[in-house]
Amino acid sequence: MVAIKHMKGFSKYEYDCVKLVREIQIMKRLHQLSAGYEQCCFIPMVYDIVVPPEEKSVQKLNNFFLVMEIEDSDLKKVMR
């Protein structure tokens with residue numbers, strides 16, 4: 001089972017692009033670091049990044065889909 005996060009409208013500002021790339025890198029790295037720990041289950045694994053065919057060029061890229069492992073909870077619930 002997977003979760004699909006639609007990332008859209010981020011290319012208007014360069015900083016938004018930087019934040020999204022950073023978020024993906026952090027999620028991937030945290031998942032790698034937590035691989036040896038059974039207790040840490042709140043870091044979803046990023047399986048794939050899907051770009052619509054009509055937006056394959058950098059100039060047209062305005063949205064993509066982040067395919068990741070589905071979790072039973074989210075960070076907001078965990079932090080309560």
- Message: Filter the range 10-45 down to the residues that are under 15 Å from Asn63 (Cβ atoms), at pLDDT below 75 and open to solvent by less than 100 Å² (accessible area, probe 1.4 Å) and list them by number.
- Response: Phe10, Ser11
- State yes or no: is Asp48 modelled with pLDDT of 70 or more and assigned to a loop (DSSP other than H, G, I, E, B)? no
- Note on the structure: Picked from the range 52-68 (must be surrounded by 13 or more Cβ atoms within 10 Å (Cβ to Cβ) and modelled with pLDDT under 85), the residue nearest to Lys5 (Cα to Cα) is Asn63
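The values are calculated or read from the model by the stated rules, or taken from the named source; none is laboratory data. Quantities reported herein were computed from a predicted structural model and do not represent experimental measurements. Counting neighbours? That spans all protein chains shown, and the Cβs are built from the backbone with ideal geometry, glycine included. Heavy atoms of the whole protein, side chains included, go into the accessibility calculation; ligands, DNA and RNA do not. Shrake-Rupley method; radii C 1.70, N 1.55, O 1.52, S 1.80 Å.
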